[in-house]
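Data first, discussion second: the structure below is written as structure tokens.
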Amino acid sequence: MQTHTPRSLLPTAGLPLNEARILLMHVLGVSRTWLIAHDTDTLDAQAVSRFAVLAQRRVAGEPIAYLVGWREFMGHVFKVSPAVLIPRPETELLVETGLACLDGLEAPRVLDLGTGSGAIAISLALARPDAEILATDASGSALAMARANATALGAANISFWRGDWWTALDDSGTDFDLIVSNPPYIASGDVHLKQGDLRFEPSGALTDYADGLAALRTIVSGAVTRLKPGGALWLEHGYDQAQEVRDLLTASGLQSVGSHRDLAGIERISGAFYNPTLSSSH
Ligand code: GLN
């Protein structure tokens, strides 16, 4: 095999330079700074061939996060595998909004439904070590990944529960100050499922295999009886689902229904509070 340096190898990958660089950093186990400083060092043949394999997989569409095994979210490094959805930057809005709801509360109780990699629950747990956090997932391999992330990141205040939405919890699954979820909300047959990273992600984390609102409906309808008075429910949803989710929240008897826009200007999360004194339907 031809001798390579980072400078000669990176442009051969058929990838944007920043992606090729991330893959080579992963193969060599080095930082970006190191790689740039050693741009003309000779690479050993094994590193070159491992890089070539990863680059080919990336060219075939596999997400960078699965190839390197991690993704950063809320400033923390989360392990990811094809068992879990790759954390998205826009989901940080859900975490930040949830944290704002917990301001001024001592030792709040928090629930994250469908935790996947654990990115949301663990970010909340690390920002609020006094909180008691429950995290659920229907997938055992997702829960194993979430547990591994909690351990690696030192989040000790989370318990993990396996099951479909509310059925994951026993009788202790009530009295929450905050419930959050980033559920599957893409309608079955949506073309996005056949594009980009989504082709490689667990379909059960992306689609409800129905109209896109099935999981959102289940979550909203179960929330009222599990929230403390004054507690909040916040949900991530699709770019065109905000009005429908607000309607579900209103119909369930929650108050102060609203949505927040992500950095792209899209109404990305919707939420509401439980205030029994104002509620007409309970
Ligand atoms: N935001 C993801 C996407 O459209 C979908 C995540 C989800 O279904 N919860 O790429």
| message | If you take every residue apart from residue 105 with its C-beta less than 12 Å away from the C-beta of residue 105, what net charge results, scoring Lys and Arg +1 and Asp and Glu -1? | response | -2
| message | If the only charges are +1 at each Lys and Arg Cβ and -1 at each Asp and Glu Cβ, what is the size of the charge dipole of the chain around the Cα centre, to the nearest 20 debye? | response | 720
| Value of relative contact order over the chain, rounded to a whole percent, pairs C-alpha under 8 Å and six or more apart | 13
| task | Quickly estimate the mean residue ellipticity at 222 nm for the chain, helices only: each DSSP H run with n ≥ 4 gives -39500 (n - 2.57), and the total goes over all residues, rounded to 500. | result | -10000 deg cm²/dmol
| message | With +1 on the Cβ of every Lys and Arg and -1 on the Cβ of every Asp and Glu, and nothing else charged, how large is the dipole of the stretch 11-93 about its Cα centre, in debye rounded to the nearest 20? | response | 180
| query | Of all DSSP beta bridges in the chain, what percent run antiparallel (nearest 5)? | reply | 45
| field | Fluctuation leader among 229, 16, 183 - the chain, Gaussian network, Cα springs under 10 angstrom | value | 16
| request: Specify which residue in the list 142, 200, 123 is farthest towards the positive end of the charge dipole of the chain, using unit charges on the beta carbon of Lys, Arg (+1) and Asp, Glu (-1), about the Cα centre. | output: 200
| Which one of 114, 214, 257 is farthest out on the positive end of the charge dipole of the chain, using unit charges on Cβ (Lys, Arg +1; Asp, Glu -1) and the Cα centre as origin? | 114
| Net charge of neighbours whose Cβ lies under 12 Å from the Cβ of residue 179, counting Lys and Arg as +1 and Asp and Glu as -1 | 0
| task | Determine, for each peptide in 102-109, 135-142, 264-271, the mean count of other beta carbons within 10 angstrom over its residues, then list the peptides with the highest first. | result | 135-142, 264-271, 102-109
| note | Yeah, the stretch 188-228 with a ≥ b ≥ c from its alpha-carbon gyration tensor (a/c under 1.5 is rounded, else prolate when a/b outruns b/c, oblate otherwise) is prolate
| Magnitude of the Cβ-charge dipole of the stretch 159-214, K/R +1 and D/E -1, about the Cα centre, nearest 20 debye? | 340
| Quick one: which of 190-198, 77-85 comes out on top by average Cβ neighbours within 10 Å, and what's the full order, highest first? | 77-85, 190-198
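Throughout, read-outs are computed from the coordinates displayed, never taken from laboratory work. The structure displayed is predicted, hence computed values, not measured ones. So basically every Cβ, Gly included, is an ideal-geometry build from the backbone, and we count neighbours across all protein chains shown.
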